[in-house]
Amino acid sequence: MLHALYCMLAAIFYHFKDPVMIVDGKMQYLFDEQGKRYLDCFAGIVTVSAGHCHPMVNKAIIEQTERLQHTTTIYLNNQIAEYAKELTDKMPGNLKVAYFVNSGTEANELAFLMARLYSGNYDMIALRNAYHGISESTLGALGLHTWKYNVPSGFGVHHAMNPEKYRGKFGDDVDAYVDDLNDVINCSTSGNIAGFIAETIQGVGGAVPLLDGYLQKAYEVVRSHGGVCIADEVQTGFGRTGSKYFGFENQGVVPDIVTMAKGIGNGLPMAAVVSTPEIAQTLAQKLHFNTFGGNPVCSAGGRAVLRAIEEDRLQENSHKVGTYLLQRLSTLQEKHDVIGDVRGKGLMVGVELVTDRKSKQPALEETSQIFESCKDKGVLLGKGGLHGNVFRIKPPMCISKEDVDFLIHTLDESMQAL
Ligand code: PMP
């Protein structure tokens, strides 16, 4: 069986040296083919928001599948309409029109298109260390060489410095990063831009939060150059940061376009772009169509995810358990020099490992050893950052404090064994 998988997936990498075969899932736990239980601290790359096989979500999917699976948007169906209403009810301001697509990459592609059509400009600004997908334009917006193929991509996309505290070129000087954004626009574009895209916590880049106050000032700069502001909420949305439903709300801004995927569907292949009626209207210049976007099963599932987050109080749990996790990790940092930085918000947390706290040299060998050892002890972590030396802890949002205790104990033991 494994051999067959290896043959099929030549270009796909495996998370662990000795790949794990996962066959069952229940809320925050995964089980391999031998029945061994793992605490899932990565949630299928920040995708399983409410919990694996959440009963309410599963029920909605099964019921809708039995009734009607597919039509496309050429017919009316209540599920997509009610879903669009329920989703946009969560959004501030005039963000009231939703387009449904199938992946985060596709959502960002569509957002770029809308920004360009609406502004009448072409150039887009992204941040270094960002991840927005790996299609042609989103590959251009990517700010991590590890994912970029060496092909022409992303014509018209430029990168500004990412405002981060730990490794940022200007430390925690927000204004210096805003000046850099202004310089990029003035020096690399005509001065008129289509838009700006950013995650509020850079996920693949290693759970790197943008400095507080950056987005407010950046949005002002972008709008003064004719651009629209896109918030990529693919990882930070749906209560994951605990304090707010969407990550951008933590920075006190209202974007013009919001893209969502992953946690929106708890594992269903679905994504959305929410915008204002004025911006959304630009797509009406031509026929616009997406075969699977907003199909009845995904819409019913997406509605159930919204309900599950509400009824299980998952945003509150992200806040409570996430704060506890950050506290316990900070204590662990006092004990183990290999931990250079602990950061994040809610259940979107990064732990960066270094060989020396002063030089911040990435601790690659140590990261790999601890990562594999945690897996053997029953904890699945994520890994990320430009150098791959950051543990990304982003579990299903139903994780408990007892699970966090087990995670900390496992990390502690694995670090001690170094
Ligand atoms: N944006 C962000 C912030 C992401 O983390 C990802 C996926 N890692 C994407 C976009 C692309 O999503 P997808 O893989 O569903 O295309």
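Here, each number is a calculation from the coordinates, and none is a lab measurement. Just so it is clear, the structure is predicted and the values come from calculations on it, not from any experiment. Methodologically, a virtual Cβ is constructed for each residue, glycine included, from the backbone with ideal geometry; neighbour enumeration extends over all protein chains shown.
For the chain, a simple Cβ point-charge model (Lys and Arg +1, Asp and Glu -1, everything else neutral) yields a dipole of about 320 debye relative to the Cα centre. Test of understanding: extend the Cα→C-beta vector of SER243 to 7 Å, then name every residue of region 346-384 with backbone N under 18 Å from that spot. Residues 346-350 fall inside that zone. Within the chain, DSSP assigns beta bridges of which about 70% are antiparallel (rounded to the nearest 5). Of the trypsin sites (Lys or Arg not before Pro) found in region 292-324, those in coil by DSSP whose Cβ has at most 15 other Cβ atoms within 10 Å are ARG313.
Mean residue ellipticity at 222 nm, helices only, the chain: -11500 deg cm²/dmol; runs of at least 4 DSSP H residues each add -39,500 (n - 2.57), and the sum is divided by the number of residues.
Applying both filters, DSSP loop and at most 10 other Cβ atoms within 10 Å, to the chymotrypsin sites (Phe, Trp or Tyr not before Pro) of region 37-101 gives TYR75. A Förster radius of 30 Å combined with the Cβ-Cβ distance from ASP405 to ASN58 puts the calculated FRET efficiency at roughly 0.55. The label point for GLN416 and the one for ALA81, both projected 7 Å from the Cα toward the Cβ, are 6.2 nm apart. Relative intensity of the chain on a log10 scale, I(q)/I(0) at q = 0.08, 0.09 Å⁻¹, equals -0.42, -0.54, per a Debye sum over C-alpha point scatterers of equal strength in the absence of solvent.
Every Cα-Cα pair in region 169-262 was counted, and those over 15 Å apart are 60% of them.
The simple Förster model, with R0 at 25 Å and r as the Cβ-Cβ distance, assigns ARG307 and ILE74 a FRET efficiency of 0.35. Quick check on my link table: of LYS148/LYS244; LYS165/LYS244; LYS59/LYS375; LYS26/LYS375; LYS262/LYS320, which ones sit more than 29 Å apart, alpha carbon to alpha carbon? Pairs exceeding the cut-off: LYS148/LYS244; LYS59/LYS375.
In percent, rounded to a whole number, the relative contact order of the chain is 23, using alpha-carbon pairs under 8 Å and six or more apart. Mean silhouette area of region 328-418, derived from the convex hull of its C-alpha atoms and averaged over all directions, reads 5.4 nm².
Considering only ALA111, HIS132, LEU364, the residue lying farthest towards the positive end of the dipole of the chain is ALA111, judged by Cα position with unit charges set on Cβ.
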